[in-house]
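Structure first, then comments.
The values are calculated or read from the model by the stated rules, or taken from the named source; none is laboratory data. In this text, all values refer to a predicted model and were calculated from it rather than measured experimentally. Cβ coordinates were reconstructed from backbone atoms using ideal geometry, including for glycine residues, and neighbour counts include every protein chain displayed.
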Amino acid sequence: MSTFYVTTPIYYVNDVPHLGHAYTTLVCDALARFHRMRGDDTRFLTGTDEHGQKVEEAATKRGLTPMQLVDQVAPRFDEMWKLLGITDYRFIRTTSEHHKAIVASLWKTIRATNPDDLYLETYQGWYCVGCEAFYKESELVKDGDAFACATHKKPVSWLDKERSWFFRLSKYAEPLLAHIEAHPEFIRPESYRNEIVSFLKGGLKDLSVSRTSFSWGVPVPEPDPKGDVHVTYVWMDALTNYLSDLCEGSAIGGPDVDKYWKSAVHVIGKDILRFHTVYWPAFLMSAGLPLPKGIFAHGWWTVRGEKISKSLPATRIDPLTLADALAGSPEKRPIGIDAMRYYLLREVPLGNDGDFTFESLFGRFNADLANDLGNLINRSLTMIAKFAPASPPKRDDQYLAAQSENPYFQIELAAHETCKLAAIQFEAFAPSKALEVIWRFVGMANRFIDQTQPWAMDRAKDPALAHCLWCLQSSLWLIARLIDPVLPATSRALREWIGDTAPVTWPEVSGEGRVLAAAPDDLVARPPSPLFPRLDEPMQNAIVVKVAGDAAATTAPTEAKPPPRSKPVKDKPVEAPVASGPITFDDFMKVELRVGRVVTAIAVPKMKKLLHLTVDLGEAAPRSIVAGIALAYNPDQIVGKQVLVVANLAPRKVGGIESQGMILAAGDESILGLSSLDRDAPPGTRVR
């Protein structure tokens, strides 16, 4: 049995949980759920970082002892994760006696293995209390006449000749470079690996790893000959949590260390990359201990372009408030949590920066959850319940001829590929891409209904109806499993509606490509209730007010209204538009043309000319584009095609669906062909 050990950063207790904290924890929860489904022996750790100067200062301001403060704040994180439905995790607090013993053990192990790596010296320099770190002047930004931290944008303090223990970090630049070269997966994504490699090649300075100016921390387990009392540097203390939770007793080691440490992956924010990829592995090397499998850094979430900050209340989205608002009520919170999970994990590839906006949230909700998944579930289960008495769903291999026009064969093939590719993406720490793959299959299942038309098959007493219904029911069985890591409540509801009581495991992909055959034969479907009702404008406004307050309601998205039509002058015929004459180069450059690739395409109900496309432009998420090409192209014909897109066209409603661009096509009323290139180009390539 394989092992999987994933950790969040331990969250600093000078704050309360917000959307940024929730994002990292939800990502790790989804990855842990996937690996449990695969049968891996999985361990998931989160917790709180409770020592350091920031905590001591915050407690003093509130008239509390540091311990009183952390006892108030730390449980809020544990409670938040439970309320968000995060399960099977371990929660560590750095004030626990066990953790403090392991921090002391790490110090002693370094001293025993490489005695010269720890030494006493005096130090002076610029110090950021927020980062708990010293910085070179070149790493700071100017704030008037003062220097400020580039991350916190707050003035740093000059610490003058404080005596401390130093760690010989300079010794480990070359060993770390060698390890990264031999194990490129140690730091992901590649852009952050390149950043650290560049930093290491510039050389390292020795690191101060104790403090005497405050007392709230783990005591250094070694006396200072001059009698000064030292506490361990908070980052040396905090980073050790990943190992201390595995240790038994008061020393480093034990069966859980042997079992899990080799598979440990730390998922962190990019602001703490250097601590995890330089300091932490150097401490471990010095102690003669193996390194974790890797570190995966993700970007920052901003809220409407602003970094989440205590000083900007409008940026502090409460995850529970958001989930309840999306659900409509606290009683339906699990579905609201699923909607939030889907948006956060789908909107931005893990590793990139993301910007939370209500427009993008509501767009994802309506297009992906209400239209695509919700519509598929409702249509499929309603028809299965209606037609099953006469044609119970039943697999019939006579309909599986390997032909490109055979929808039964095609959906089997797509199920096989989806299951395989989604697993690859989850294993690669790419939940956004895994969801993209899954939603491609959701789109295909919707098209399968349009192609086969079970209602017409029922009227015609078509003997293939039973197999058609089986394909739909088995597709829902598969989708329920594939979405479980990210949408566990939705998966649970869907499995109940199809009568699936088996344990939730990841579907096995056989060599024959018939993953749908793994669906149980005795499923009995029943009609569903709405999971994700489409959010109209009043509902959207209500959500904005609930989450962000009355002042933010003015930023709520509104239905785009077409411009007023100009009336023709009396007695003059309305002429067809003609070329308006030459335009300038500057005019042309205002039009942003980009290469796109069609990901999904479905017919727009009651609009015979329109197709609703999702088009990959190399952005965090595909664009929703409505195109009037349905008379020239079937949905299946256009999926995968390369198209040219006007990418900076203002969004507008077409056929009741927001269109976020325009594809170029030849022809007017009659489409003659799509504009494209004579060779493949990456999605998002600028056309000039």
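Could you run through segment 604-622 and say how many residues are surrounded by fewer than 21 Cβ atoms within 10 Å (Cβ to Cβ) and under 15 Å from ASP372 (Cα atoms)?
Residues flagged as surrounded by fewer than 21 Cβ atoms within 10 Å (Cβ to Cβ) and under 15 Å from ASP372 (Cα atoms) within segment 604-622 amount to 2.
Quick check on this structure: which one of ARG534, ARG495 is surrounded by fewer than 23 Cβ atoms within 10 Å (Cβ to Cβ) and not assigned by TED's automatic domain parsing to the domain that holds ASN446?
Among ARG534, ARG495, only ARG534 is surrounded by fewer than 23 Cβ atoms within 10 Å (Cβ to Cβ) and not assigned by TED's automatic domain parsing to the domain that holds ASN446.
Against the condition under 26 Å from ASP49 (Cα atoms), surrounded by fewer than 16 Cβ atoms within 10 Å (Cβ to Cβ) and not hydrophobic (A, V, I, L, M, F, W, C), how does GLU181 come out, does it pass?
no
Just checking, how many residues over segment 615-631 are farther than 20 Å from PRO407 by Cα and out of contact with any helix residue (DSSP H, G or I) (no Cβ under 8 Å at 6 or more places or on another chain)?
11
Find the helices (runs of 4 or more DSSP H) located wholly in segment 290-407 whose residues include 1 or more that are within 14 Å of the chain's Cα centre (by Cα) and of a type outside the set (Val, Ile, Thr), and list them.
Because the criterion is at least 1 residues that are within 14 Å of the chain's Cα centre (by Cα) and of a type outside the set (Val, Ile, Thr), the helices (runs of 4 or more DSSP H) in segment 290-407 that meet it are 333-347, 358-364.
I'd like to check something: does segment 53-72 contain any residue that is surrounded by 22 or more Cβ atoms within 10 Å (Cβ to Cβ) and touching a Leu at 6+ places or on another chain (Cβ under 7 Å)?
Within segment 53-72, one or more residues are surrounded by 22 or more Cβ atoms within 10 Å (Cβ to Cβ) and touching a Leu at 6+ places or on another chain (Cβ under 7 Å).
In the set ALA74, ALA22, which member is in contact with a Lys or Arg (Cβ under 8 Å, 6 or more places away or on another chain) and under 25 Å from THR302 (Cα atoms)?
ALA74
Against the definition (small (Gly, Ala, Ser), over 27 Å from ILE335 (Cα atoms) and in contact (Cβ under 8 Å) with a residue 40 or more places away in the chain), how does ALA445 come out, yes or no?
For ALA445, the condition - small (Gly, Ala, Ser), over 27 Å from ILE335 (Cα atoms) and in contact (Cβ under 8 Å) with a residue 40 or more places away in the chain - is not met.
Out of curiosity, is LEU176 among the hydrophobic types (A, V, I, L, M, F, W, C), part of a loop (DSSP other than H, G, I, E, B), within 20 Å of GLY288 (Cα to Cα) and assigned by TED's automatic domain parsing to the domain that holds ARG274?
Answer is no for this residue.
Looking only at segment 83-122, count every residue that is assigned to a helix (DSSP H, G or I) and either surrounded by fewer than 20 Cβ atoms within 10 Å (Cβ to Cβ) or not aromatic (Phe, Trp, Tyr) (or both) and tell me the total.
Summing the residues that are assigned to a helix (DSSP H, G or I) and either surrounded by fewer than 20 Cβ atoms within 10 Å (Cβ to Cβ) or not aromatic (Phe, Trp, Tyr) (or both) in segment 83-122 gives 20.
Would you pick out the residues in segment 615-648 that are without any contact (Cβ under 8 Å) to a residue 24 or more places away in the chain and not in a loop (DSSP other than H, G, I, E, B)?
Residue satisfying the conditions is GLN637 alone.
Where the second residue is part of a helix (DSSP H, G or I) and at pLDDT 95 or above and the first is under 15 Å from ALA30 (Cβ atoms) and among the β-branched types (Val, Ile, Thr) and lies in segment 320-343, which pairs have Cβ atoms under 6 Å and are six or more apart or on separate chains?
Here the result reads ILE337/ALA323, each pair linking segment 320-343 to a residue that is part of a helix (DSSP H, G or I) and at pLDDT 95 or above.
Residue-wise test of (1) touching an Asp or Glu at 6+ places or on another chain (Cβ under 8 Å); (2) in a helix (DSSP H, G or I); (3) at pLDDT below 90.
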{"residue": "SER491", "(1), (2), (3)": "yes, yes, no"}
{"residue": "ARG495", "(1), (2), (3)": "no, yes, no"}
{"residue": "THR501", "(1), (2), (3)": "no, no, no"}
{"residue": "VAL509", "(1), (2), (3)": "no, no, yes"}
{"residue": "ILE543", "(1), (2), (3)": "no, yes, no"}
{"residue": "ALA551", "(1), (2), (3)": "no, yes, yes"}
{"residue": "LYS567", "(1), (2), (3)": "no, no, yes"}
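With (1) farther than 18 Å from THR600 by Cβ; (2) touching a residue at least 24 places away in the same chain (Cβ under 8 Å); (3) under 37 Å from the mean Cα position of the chain (by Cα) as the list, and ALA415 as the residue in question, which single condition is left unmet?
(1)
Tell me, yes or no, whether segment 472-486 has at least one residue that is closer than 19 Å to ASN406 by Cβ, of a type in the set (Gly, Ala, Ser) and surrounded by fewer than 23 Cβ atoms within 10 Å (Cβ to Cβ).
The answer is no; no qualifying residue exists.
Identify all residues within segment 226-255 that are of a type in the set (Phe, Trp, Tyr) and not in a helix (DSSP H, G or I); write none if there are none.
TYR233
Restricting attention to segment 182-199, report how many residues are aliphatic (A, V, I, L, M) and out of contact with any Ser or Thr (no Cβ under 9 Å at 6 or more places or on another chain).
2
Tell me, which residue of segment 41-52 that is buried (at least 17 other Cβ atoms within 10 Å of the Cβ) and acidic (Asp, Glu) is farthest from PHE214 (Cα to Cα)?
Filtering segment 41-52 for residues that are buried (at least 17 other Cβ atoms within 10 Å of the Cβ) and acidic (Asp, Glu), the one farthest from PHE214 (Cα to Cα) comes out as ASP49.
Return a yes/no flag: does segment 234-247 have any residue that is surrounded by 14 or more Cβ atoms within 10 Å (Cβ to Cβ), modelled with pLDDT under 95 and hydroxyl-bearing (Ser, Thr, Tyr).
no
From the set of residues in segment 1-37 that are part of a helix (DSSP H, G or I) and of a type in the set (D, E, K, R), which is surrounded by the fewest Cβ atoms within 10 Å (Cβ to Cβ)?
ARG36
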